[in-house]
Amino acid sequence: MPSRAWTPPFPLDLGAVLGGLRRGPGDPSFSAEGGVWFAANTPCGPGTLHITRVSGEVLAEAWGEGGPWLLDGLPALLGADDTVDEFVAHHPVIAESRRQRPGLRLGATGRVWDLLFASILEQKVTGVEAFRTWRELGRRFGESAPGPKPLKVPPTPQRLLGLQDWEWHQCGLDGARRRTLINVAQVAHRLEKAAEMRSRELLEKVPGVGVWTSAEVAQRAWGDPDAVSVGDYHVAKNVTWALTGTPGDDDGMMELLEPYKPQRHRAVMYLTAAGLRRPRRAPRFSPRDYRRF
């Protein structure tokens, strides 16, 4: 079992940096019990990483063919390549959030497939629906993760391409997201270059992958500080409300964020971390369950 100890030369909020990799409660590939555990597909094969913090030192253990690759990427995963020191806050509320959270950084997994797979499931549905489908697909078709923790590695492109219609249906996936997943799975090996090239445009060449999906991947795969989730049902309303007191649309949000370019996503991240969300007065959307259709 390979392992590694690493001392970050900066303040680090381990849970906040890695929390964005978790896709809802019951995520079969992620656990926060006894440190952070997550299973992933890597260029070398499946791997599991376990990360704990002891005083100022980060301790990591890994299992599986992809374990050494995950250990090599530990510093980048925890934000060692982040450009947070270049960020300038132009609004007092953002400046205060940053001051209170010196350990909040953007990490980079260095891989695209697992993140793109999960983000497609979250397209134009409630979180409850997306997380339920992620759990079902992972538990049914993901490989058992190496190591002592009972996790699942997210299904590979090849595994998803082999699914039958009834198997997709049992996991609650509608036709539009299924078609996009199939489109992506067919060219997944080419899309891994997006992390190396830091290219959202490469991802958006695939039918069904738009600016929202590519931004969600870029934020996590290469820690893109400027990848704003334009098109999200909540983000624009929350950002404009936090900065002006009035919820607005994507155009209004991007106008407000213009001074933060090329770190606009980081500004959004600080507002989100501070819990600044518009008051909700309308009824919540009822999650749909495509397994019943």
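The values are calculated or read from the model by the stated rules, or taken from the named source; none is laboratory data. A quick note: this is a predicted structure, and the numbers were derived from the prediction, not measured. Here the Cβ positions follow ideal geometry from the backbone for every residue, glycine too, while neighbour counts run over all protein chains shown. Each accessible area value is taken on the protein alone, full model and side chains, heavy atoms only, with ligands, DNA and RNA left out. Shrake-Rupley method; radii C 1.70, N 1.55, O 1.52, S 1.80 Å.
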In segment 55-92, which residues are open to solvent by less than 50 Å² (accessible area, probe 1.4 Å), over 18 Å from residue 18 (Cα atoms) and outside any loop (DSSP other than H, G, I, E, B)? 63
Identify, by number, the condition in (1) more than 21 Å from the chain's Cα centre (by Cα); (2) farther than 20 Å from residue 228 by Cα; (3) open to solvent by 70 Å² or more (accessible area, probe 1.4 Å); (4) of a type outside the set (A, V, I, L, M) that residue 102 doesn't meet. (1)
I'd like the full set of residues that are open to solvent by less than 20 Å² (accessible area, probe 1.4 Å), in contact with a helix residue (DSSP H, G or I) (Cβ under 6 Å, 6 or more places away or on another chain) and touching a residue at least 60 places away in the same chain (Cβ under 8 Å), limited to segment 39-54. 40, 42, 47
Quick check on my filter: what residues within segment 16-38 are buried (at least 18 other Cβ atoms within 10 Å of the Cβ), under 11 Å from the mean Cα position of the chain (by Cα) and not in a loop (DSSP other than H, G, I, E, B)? 17, 18, 21
Return yes or no: is residue 3 among the polar types (S, T, N, Q) and at pLDDT below 95? no
Counting only residues that are over 21 Å from residue 214 (Cα atoms), in contact with a Pro (Cβ under 8 Å, 6 or more places away or on another chain) and open to solvent by 30 Å² or more (accessible area, probe 1.4 Å), segment 229-256 contains a total of 1
Report, by residue number, each residue of segment 102-116 that is in a loop (DSSP other than H, G, I, E, B) and within 15 Å of residue 265 (Cβ to Cβ). 104, 105, 106, 107, 108
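Yes/no matrix, rows are residues, columns are (1) under 23 Å from residue 161 (Cβ atoms); (2) of a type in the set (Gly, Ala, Ser); (3) modelled with pLDDT of 95 or more:
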position: 88; (1), (2), (3): no, no, yes
position: 91; (1), (2), (3): no, no, yes
position: 97; (1), (2), (3): no, yes, yes
position: 102; (1), (2), (3): no, no, yes
position: 114; (1), (2), (3): yes, no, yes
position: 118; (1), (2), (3): yes, yes, yes
position: 125; (1), (2), (3): yes, no, no
position: 136; (1), (2), (3): yes, no, yes
position: 142; (1), (2), (3): yes, yes, yes
Mind checking which pairs have a first residue in segment 185-199 that is in contact (Cβ under 8 Å) with a residue 60 or more places away in the chain and within 13 Å of residue 217 (Cα to Cα) and a second that is hydrophobic (A, V, I, L, M, F, W, C) and part of a helix (DSSP H, G or I), Cβ under 6 Å, 6 or more apart or different chains? 194/202; 194/203; 195/221
Can you find even one residue in segment 252-267 that is more than 24 Å from residue 83 (Cα to Cα) and of a type outside the set (Asp, Glu)? yes
So, in segment 252-293, of the ones that are part of a loop (DSSP other than H, G, I, E, B) and modelled with pLDDT of 95 or more, which residue ends up farthest from the chain's Cα centre (by Cα)? 261
May I ask you to list pairs of residues, at least six apart or on different chains, whose Cβ atoms are under 9 Å apart, with the first in segment 257-276 being free of Cβ contacts under 8 Å to residues at least 12 places away in the same chain and more than 12 Å from residue 95 (Cα to Cα) and the second being part of a helix (DSSP H, G or I) and open to solvent by 20 Å² or more (accessible area, probe 1.4 Å)? 258/264
Which helices (runs of 4 or more DSSP H) does segment 129-241 wholly contain that include 1 or more residues that are more than 19 Å from the chain's Cα centre (by Cα)? 157-161, 165-170, 175-186, 188-191
Filtering segment 166-219 down to residues that are of a type in the set (A, V, I, L, M) and exposed (fewer than 14 other Cβ atoms within 10 Å of the Cβ), which residue is modelled with the lowest pLDDT? 176
Taking the stated definitions as given, is residue 223 open to solvent by 30 Å² or more (accessible area, probe 1.4 Å), touching a residue at least 40 places away in the same chain (Cβ under 8 Å) and not basic (Lys, Arg)? no
